[in-house]
Amino acid sequence: MSDSSRTLDDLRTFLKSSAGVELEQRMKFYDSWAETYEMMVELGFKHFVGVDGSQGMLDQAAKTGLYKELKLALLGTEPLPAETGMFDVVMIVGALRDGFVPVSVIRELCLAAKPGGYICMSRNDLKSESGNKYKVSMEKELQLMEEEELWSHVTTKEMDKYMIDMYDNCEDMQNEKYLYGTMYLYRKSLN
């Protein structure tokens with residue numbers, strides 16, 4: 001799948017048909033898509049640990065040479081394979097949505113951060129009933145964790161061009177439509 005337009009078309013086809021698709025089938029797709037999925041940019045961090053439910057994604061990440069460890073795990077069905085209080089920054093990108101990663105995983109992400117460390121989460125805001133329910137549930141959990149003094153809110157940023165809308169049938173790459181997204185940044189409490 002080295003042709004990026006073919007990859008984009010393949011992804012659109014998959015996403016349109018994946019509403020009732022079993023998790024195992026979805027992971028097989030991500031395994032095959034992994035070659036063009038991840039682009040890593042160095043920002044000064046030196047110790048990366050990656051977790052993904054797709055072995056293909058982990059294999060691709062291994063090729064970058066950036067990761068000290070790569071672990072296969074389906075978040076929400078298995079515990080986050082990380083030590084408590086180990087990381088300066090914990091990130092989850094795009095997986096916080098219905099049918100992917102349950103809201104309960106957010107506490108595990110917080111636990112993995114060092115005291116004073118950061119937890120950065122981003123998600124695409126699908127305008128659907130299940131997407132809205134997930135967002136409400138997630139934001140309640142974020143607030144509850146703040147009230148429990150597990151962390152403090154740093155910033156929330158809504159983005160109108162979070163990612164290309166793979167559900168859109170636009171043939172013209174210049175007129176691609178985008179999905180909205182939200183990025184949440186929290187700092188773990190020092191205690």
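For this structure, a couple of remarks:
- Among the lysines of the range 41-128, pairs at least eight places apart or on separate chains and with Cα atoms under 18 Å apart come to 6.
- Mean accessible surface per residue for the range 47-99, computed with a 1.4 Å probe while every protein chain stays in place, in Å²: 54
- Rg/Rh ratio calculated on Cα atoms of the range 71-111 (Kirkwood radius): 0.93
- Whole-Hz couplings from phi, Karplus 6.51/-1.76/1.60, listed for the range 95-101; x for Gly and Pro: 8, 7, 6, 4, x, 10, 10
- Distant-in-sequence amide H partners of V89 (H built 1.01 Å from N, under 5 Å): Y118
- Cα gyration tensor shape for the range 41-158, rounded if a/c is under 1.5, else prolate or oblate: oblate
The values are calculated or read from the model by the stated rules, or taken from the named source; none is laboratory data. This one's a predicted model, so the numbers in the text were calculated from it and none came from an experiment. The accessibility values were calculated without ligands, DNA or RNA, using every heavy atom of the protein model including side chains. Shrake-Rupley method; radii C 1.70, N 1.55, O 1.52, S 1.80 Å.
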